[in-house]
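J.: Mind having a look at this structure? Questions to follow.
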Amino acid sequence: TKCPIRPLHTYLRISDLKGCKEGDNVTIKGWVNNTRKMKKTSFVDIVDGSCASALQVVLGKNLSDSVDVVFGSSVEVSGVIGSTPKKQLELRAEDYRVIGNCPAEGFPFAARHSYNSDYVREHLHLRSRIAPFAAMLRVRNAAQRAIVDFLHTEGFLQIHTPILTASDCEGAGEVFRVRPDSQELLKGMQKEEIPLEEAFFDCRTYLSVSGQLHLEAMAHGIGNCFTFGPTFRAENNKSPIHLSEFYMLEVEQVFTSSLSDCILLISRMVRSVTEKLLDTCSDDISVCHGESKGNLFEWLGDSKEFPILTFQEAVEILQRNSDRLKVPIDPKEGLMKSHELFLTDFCCSPVFIVDWPAALKPFYMRPTDHNPTLVSALDFLVPRIGELIGGSLRENDYERLKEKIPAGSEWYLNLRRFGGIPTAGFGMGFERYLQYLLNVHNIRDVIPFPRWPHSCSL
């Protein structure tokens, strides 16, 4: 009998074999992950990237003697489904064909070896062949889908915000400038009184540091919406939680004047997405966790809401525990990562920090009702990572915003003139969430091709 074949394919992926039974004829394609040669039989473990499991292929003596089984080579195998003594499916090969050989010389990985992440990172183009990294890629895919599905279920519309922009949303000057490489092109396009480097767009242009302002513009006509895409920061920061290019989820809620609405949505999203991934991606998450012990997500079984501290309360906790801090807290400088991690340990949980000094936050955040020197902003801190999410109520008072808006952003101010509404929103670094979920120390190991200062290979 033939096992059902996936549309548009003449072979099955290993993850599809769950629907097969003993006696089914199948063809699989993948890479040799391990080999064991006996007197009359050879066993070959094949992986194809579709799941954490390898498929054991049994080669009879004739095939075993006639084919070259090499670690890392790509192969096509046809045969009959059987089962091992442990009742796991295996493939008893009738035909074995090498698609692409993999010479050991020059290939950086070998069978039955484990490698540290620094070594694997030296071979970005090949690291999807390593089990933990392949598992991370599958979880990354599932996490993006789970986040988008959650927000769609909540009635949010996905918007594609631009990567090229004329604004610096955060106002910190941490932007990459963009211009064509061709001087001839620029000279041919240059207008009077326009600098040569600005000739293409007639203005300075940057890679986006955030899609928030553009997302707010769309929210003023379509309601609740979100964007999920690449973001760029020109920071000389090589820490294990910073990248020069990363993916960010940004969400805008309309007709809300309460930071509690934002906190509730974040709490529900983090809980829902994490629970779903721990359930549906358990094998891959286990591969990524490796030897990690203990329950990293004890808070999932706790029905209580995440703790909420004001910035002042957080400062007081840190000051009372100054003897346990490596670096003392300076309220004028905000929270360092070590302070954030102390607070999550202190609370034994992720924690929200709200009501921040206005001087520490961007211009678009709304002052609190009780103190104009504070803004209705939040940081959501998680263990081992620190800040995962930042958000706020948006300033919707035209006159107040006019006093502090940067030059060139009049269009953003005009949103308050023409049918303006109270809004709130937040942004989450996707790679930081994956670090937290998978217990990965370095953010460079949760993105396929990381970019950081002095490194933009491939």
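J.: Could you pull out the residue among Ser78, Ser117, Ser73 that is surrounded by 11 or more Cβ atoms within 10 Å (Cβ to Cβ) and either within 21 Å of Cys20 (Cβ to Cβ) or acidic (Asp, Glu) (or both)?
T.: Ser78 is the lone residue from the list that is surrounded by 11 or more Cβ atoms within 10 Å (Cβ to Cβ) and either within 21 Å of Cys20 (Cβ to Cβ) or acidic (Asp, Glu) (or both).
J.: Here is a further query. Taking only region 86-99 into account, find how many residues are surrounded by 10 or more Cβ atoms within 10 Å (Cβ to Cβ) and either out of contact with any helix residue (DSSP H, G or I) (no Cβ under 7 Å at 6 or more places or on another chain) or of a type in the set (Asp, Glu) (or both). Spell out the reasoning first.
T.: Here is the first cut: in region 86-99, the ones surrounded by 10 or more Cβ atoms within 10 Å (Cβ to Cβ) are 88-99.
From what's left, either out of contact with any helix residue (DSSP H, G or I) (no Cβ under 7 Å at 6 or more places or on another chain) or of a type in the set (Asp, Glu) (or both): 88, 90-92, 94-95, 97-99.
Result for region 86-99: 9.
J.: Restricting attention to region 82-96, which residues are within 37 Å of the chain's Cα centre (by Cα) and touching a residue at least 24 places away in the same chain (Cβ under 8 Å)?
T.: The answer is Gln88, Leu89, Glu90, Leu91.
J.: May I ask you to say which residue of Thr161, Thr165, Thr153 is in contact with a Leu (Cβ under 6 Å, 6 or more places away or on another chain) and either under 23 Å from Met428 (Cα atoms) or among the charged types (D, E, K, R) (or both)?
T.: Thr161
J.: I need the full set of residues from region 388-411 which are under 30 Å from His242 (Cα atoms) and among the basic types (Lys, Arg), in order please. Break it down stepwise before answering.
T.: Of region 388-411, the ones under 30 Å from His242 (Cα atoms) are 388-395, 404-409.
Within region 388-411, Arg394, Lys404 meet the criteria.
This table checks each residue for (1) out of contact with any His (no Cβ under 8 Å at 6 or more places or on another chain); (2) surrounded by 14 or more Cβ atoms within 10 Å (Cβ to Cβ); (3) in contact (Cβ under 8 Å) with a residue 60 or more places away in the chain.
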{"residue": "Ser182", "(1), (2), (3)": "yes, no, no"}
{"residue": "Leu185", "(1), (2), (3)": "yes, no, no"}
{"residue": "Leu196", "(1), (2), (3)": "yes, no, no"}
{"residue": "Gly211", "(1), (2), (3)": "yes, yes, no"}
{"residue": "Glu216", "(1), (2), (3)": "yes, yes, yes"}
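J.: Another question, then. Out of the residues in region 295-310 that are in contact with a helix residue (DSSP H, G or I) (Cβ under 8 Å, 6 or more places away or on another chain) and not in a loop (DSSP other than H, G, I, E, B), state the one that is modelled with the lowest pLDDT.
T.: Checked region 295-310; the qualifying residue modelled with the lowest pLDDT is Leu300.
J.: Kindly check whether there is at least one residue in region 335-348 that is surrounded by 22 or more Cβ atoms within 10 Å (Cβ to Cβ) and not in a helix (DSSP H, G or I).
T.: The answer is yes; a qualifying residue exists.
J.: Here is a further query. Here are Ser282, Ser322, Ser376, Ser286: which of them is among the hydroxyl-bearing types (Ser, Thr, Tyr) and within 18 Å of Gly427 (Cβ to Cβ)?
T.: On the way: Ser282 fails: within 18 Å of Gly427 (Cβ to Cβ); Ser322 fails: within 18 Å of Gly427 (Cβ to Cβ); Ser286 fails: within 18 Å of Gly427 (Cβ to Cβ).
Matching residue, one of Ser282, Ser322, Ser376, Ser286: Ser376.
J.: Given the conditions (1) in a helix (DSSP H, G or I); (2) touching a Phe, Trp or Tyr at 6+ places or on another chain (Cβ under 7 Å), report the number of the one that Met248 does not fulfil.
T.: Met248 satisfies every listed condition except (1).
J.: Let me ask something else. Output the qualifying pairs, or none if there are none: Cβ atoms under 6 angstrom, residues six or more apart or on different chains, first residue in region 436-458 and in a helix (DSSP H, G or I), second residue among the acidic types (Asp, Glu) and surrounded by 13 or more Cβ atoms within 10 Å (Cβ to Cβ).
T.: The qualifying pairs are Ile443/Glu431.
J.: Count, please, the residues in region 388-415 that happen to be crowded, with 17+ Cβ neighbours inside 10 Å and outside any loop (DSSP other than H, G, I, E, B).
T.: 9
J.: Let me ask something else about it. Yes or no: region 360-370 includes at least one residue that is part of a helix (DSSP H, G or I) and either surrounded by fewer than 22 Cβ atoms within 10 Å (Cβ to Cβ) or in the same structural domain as Leu401 (by the TED database) (or both). Quick ask: steps written out before the conclusion?
T.: Step one: list which residues in region 360-370 are part of a helix (DSSP H, G or I), which gives 360.
Imposing the further condition that a residue be either surrounded by fewer than 22 Cβ atoms within 10 Å (Cβ to Cβ) or in the same structural domain as Leu401 (by the TED database) (or both) reduces the set to 360.
Within region 360-370, one or more residues are part of a helix (DSSP H, G or I) and either surrounded by fewer than 22 Cβ atoms within 10 Å (Cβ to Cβ) or in the same structural domain as Leu401 (by the TED database) (or both).
J.: So how many residues does region 416-435 have that are crowded, with 21+ Cβ neighbours inside 10 Å and either of a type in the set (Val, Ile, Thr) or assigned to a loop (DSSP other than H, G, I, E, B) (or both)?
T.: Number of matching residues: 1.
J.: Write out, first by first residue and then by second, each pair whose Cβ atoms fall under 9 Å of each other, whose residues are 6+ apart or on separate chains, and whose first residue, in region 376-398, is farther than 17 Å from Met248 by Cβ and not assigned by the TED database to the domain that holds Ala424 while the second is of a type in the set (Val, Ile, Thr) and not in a loop (DSSP other than H, G, I, E, B).
T.: Final answer for the pair search is none.
J.: Which residue pairs have Cβ atoms closer than 9 Å, lie 6 or more positions apart in sequence or on different chains, and pair a first residue in region 248-262 that is on the phi > 0 side of the Ramachandran plot with a second residue that is modelled with pLDDT of 95 or more and in a strand (DSSP E or B)?
T.: Note: pairs meeting the criteria are Phe255/Thr423.
J.: While we're on this one: When you scan region 122-170, how many residues do you find that are more than 30 Å from Val47 (Cα to Cα), at pLDDT 95 or above and of a type in the set (Val, Ile, Thr)? Full working, then the answer.
T.: Initially, region 122-170 is screened for residues more than 30 Å from Val47 (Cα to Cα), giving 150-170.
Retained after the next criterion (residues that are at pLDDT 95 or above): 150-164.
Then drop every residue that is not of a type in the set (Val, Ile, Thr), which leaves 153, 159, 161, 163.
Looking only at that region, the number is 4.
J.: Of Ser244, Ser239, Ser303, which residue is over 26 Å from Pro453 (Cβ atoms) and either out of contact with any Gly (no Cβ under 9 Å at 6 or more places or on another chain) or surrounded by 14 or more Cβ atoms within 10 Å (Cβ to Cβ) (or both)?
T.: Numbers: Ser244 fails: over 26 Å from Pro453 (Cβ atoms); Ser239 fails: over 26 Å from Pro453 (Cβ atoms).
Result of the check over Ser244, Ser239, Ser303: Ser303.
J.: Condition (residue is free of Cβ contacts under 8 Å to residues at least 60 places away in the same chain, more than 27 Å from Ser53 (Cα to Cα) and either under 24 Å from the mean Cα position of the chain (by Cα) or not in a loop (DSSP other than H, G, I, E, B) (or both)) applied to region 273-294: is it met by at least one residue?
T.: no
J.: For Glu235, work out the one condition from (1) farther than 20 Å from Ser167 by Cα; (2) assigned by the TED database to the domain that holds Asp379; (3) modelled with pLDDT under 95 it doesn't fulfil.
T.: All conditions are met except number (1).
J.: Checking the condition over 27 Å from Val148 (Cβ atoms) and modelled with pLDDT of 95 or more, which residue from Gly188, Gly173, Gly229, Gly223 passes? So that I can check it myself, show each step before the final result.
T.: On the way: Gly173 fails: modelled with pLDDT of 95 or more; Gly229 fails: over 27 Å from Val148 (Cβ atoms); Gly223 fails: over 27 Å from Val148 (Cβ atoms).
Of the residues listed, the single one that is over 27 Å from Val148 (Cβ atoms) and modelled with pLDDT of 95 or more is Gly188.
The values are calculated or read from the model by the stated rules, or taken from the named source; none is laboratory data. It should be emphasised that the depicted structure is a prediction, and the values quoted were computed from it without experimental measurement. All Cβ positions, glycine included, derive from the backbone under ideal geometry; neighbour counts span all protein chains shown.
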